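The values are calculated or read from the model by the stated rules, or taken from the named source; none is laboratory data. This one's a predicted model, so the numbers in the text were calculated from it and none came from an experiment. When we count neighbours, we look across all protein chains shown, and the Cβ atoms used for this are built from the backbone with ideal geometry, even at glycine.
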Amino acid sequence: MSTLMVDIWSDIVCPWCYLGKRRFETALDGFARRDAVQVRWRSFELDPDGSTEADLTLPERHRKDVGGTIKEARRRIGWLSDLAAESGLTYRLDLARPVNSFDAHRLMRYADQEGAGERVRERLLRAYTGEGAVVSDHDTLVRLGAECGLDPAATRAMLGSDDFAAAVRQDEALGRRLGVSGVPTFVFGEKYAVSGAQSVEVFTDLIDRAWREIAPTEVLDGDGVCTVDGSC
């Protein structure tokens, strides 16, 4: 049976990534061969040299990076929140705290190993975009992981070590080799790549196109056929 691989580079502190995830999942749920699609989540840090201290809210960070007033920054962010609401997501980006996300990525790698990857990924994204959670803080990560079934003591021990650091760096290095410079980025069948929180229709088209290229044509048996061995 053919398998379609979809690699997704994403960051917890990227509001577009959560929206892109939800739109992609909606398209995937409508795909007839859903069980034949394997998704691999890849790590990406928007600010690898950033602080783990939550000094600024997202509107304050936007004002610092883009300029303008806090009111203008909140209006830009509000537009994104409205888009997210159309996909059933509740954003409170006025509370969001952009921080270094390296340990959050390590936690997700650990959760994948423990069979809780999807639950933890969803919980971290929801906590960042809607609850003002500081996703660099170990106490916060332990609490969120525990809500998803991870053992708190084991999670804290993992965060205090270098476990899964190499795996995160490998994802980032692979992304650089493939030209991934922003997130979310989706790569279908190691051939088609698209960046951004695309529409459900775009994702549907890409899934269908990539599947057609890897799946063998189905041939129904019937009468009135001559074969290469000479039988008719």
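Hey, does the stretch 37-58 have a residue that's farther than 29 Å from Arg156 by Cα and in contact (Cβ under 8 Å) with a residue 40 or more places away in the chain? Yes, the stretch 37-58 has at least one match. Comparison of Ala173, Ala166, Ala157, Ala127 shows that the only residue that is of a type outside the set (Val, Ile, Thr), outside any loop (DSSP other than H, G, I, E, B), modelled with pLDDT of 95 or more and farther than 17 Å from Asp11 by Cα is Ala157. Looking across the stretch 100-122, the residues that are surrounded by fewer than 19 Cβ atoms within 10 Å (Cβ to Cβ) and under 15 Å from Tyr18 (Cβ atoms) come down to Glu118, Arg119, Glu122.
Quick grid of which residues meet (1) small (Gly, Ala, Ser); (2) out of contact with any helix residue (DSSP H, G or I) (no Cβ under 8 Å at 6 or more places or on another chain); (3) closer than 22 Å to Asp163 by Cβ:
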position: Lys71; (1), (2), (3): no, yes, no
position: Arg76; (1), (2), (3): no, no, no
position: Leu80; (1), (2), (3): no, no, no
position: Ala85; (1), (2), (3): yes, yes, no
position: Val120; (1), (2), (3): no, no, yes
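Considering the stretch 130-144, and only residues there that are assigned to a helix (DSSP H, G or I) and out of contact with any Phe, Trp or Tyr (no Cβ under 8 Å at 6 or more places or on another chain), the residue that is surrounded by the fewest Cβ atoms within 10 Å (Cβ to Cβ) turns out to be Asp139.
Would the stretch 60-74 turn up any residue that is under 18 Å from Gly132 (Cβ atoms), free of Cβ contacts under 8 Å to residues at least 24 places away in the same chain, aliphatic (A, V, I, L, M) and crowded, with 16+ Cβ neighbours inside 10 Å? Looking for residues that are under 18 Å from Gly132 (Cβ atoms), free of Cβ contacts under 8 Å to residues at least 24 places away in the same chain, aliphatic (A, V, I, L, M) and crowded, with 16+ Cβ neighbours inside 10 Å, one finds at least one in the stretch 60-74, hence yes. Could you pull out the residue among Trp9, Trp16, Trp79 that is of a type in the set (A, V, I, L, M, F, W, C) and in a strand (DSSP E or B)? Of Trp9, Trp16, Trp79, the one residue that is of a type in the set (A, V, I, L, M, F, W, C) and in a strand (DSSP E or B) is Trp9. Going through (1) under 20 Å from Arg22 (Cα atoms); (2) surrounded by 22 or more Cβ atoms within 10 Å (Cβ to Cβ); (3) out of contact with any helix residue (DSSP H, G or I) (no Cβ under 6 Å at 6 or more places or on another chain) one by one, Pro184 falls short only on (3). Hey, does the stretch 23-35 have a residue that's in a loop (DSSP other than H, G, I, E, B), in contact with a helix residue (DSSP H, G or I) (Cβ under 8 Å, 6 or more places away or on another chain) and either of a type in the set (Lys, Arg) or buried (at least 21 other Cβ atoms within 10 Å of the Cβ) (or both)? Yes: one or more hits. Restricting the first member to the stretch 179-193 and to residues that are part of a strand (DSSP E or B), and the second to residues that are of a type in the set (Ser, Thr, Tyr), the beta-carbon pairs closer than 7 Å and six or more apart or on different chains are Thr185/Ser195; Ala193/Thr185. The residues listed here are Ser81, Ser87, Ser51; of these, the one that is under 18 Å from His138 (Cα atoms) and surrounded by 12 or more Cβ atoms within 10 Å (Cβ to Cβ) is Ser51.
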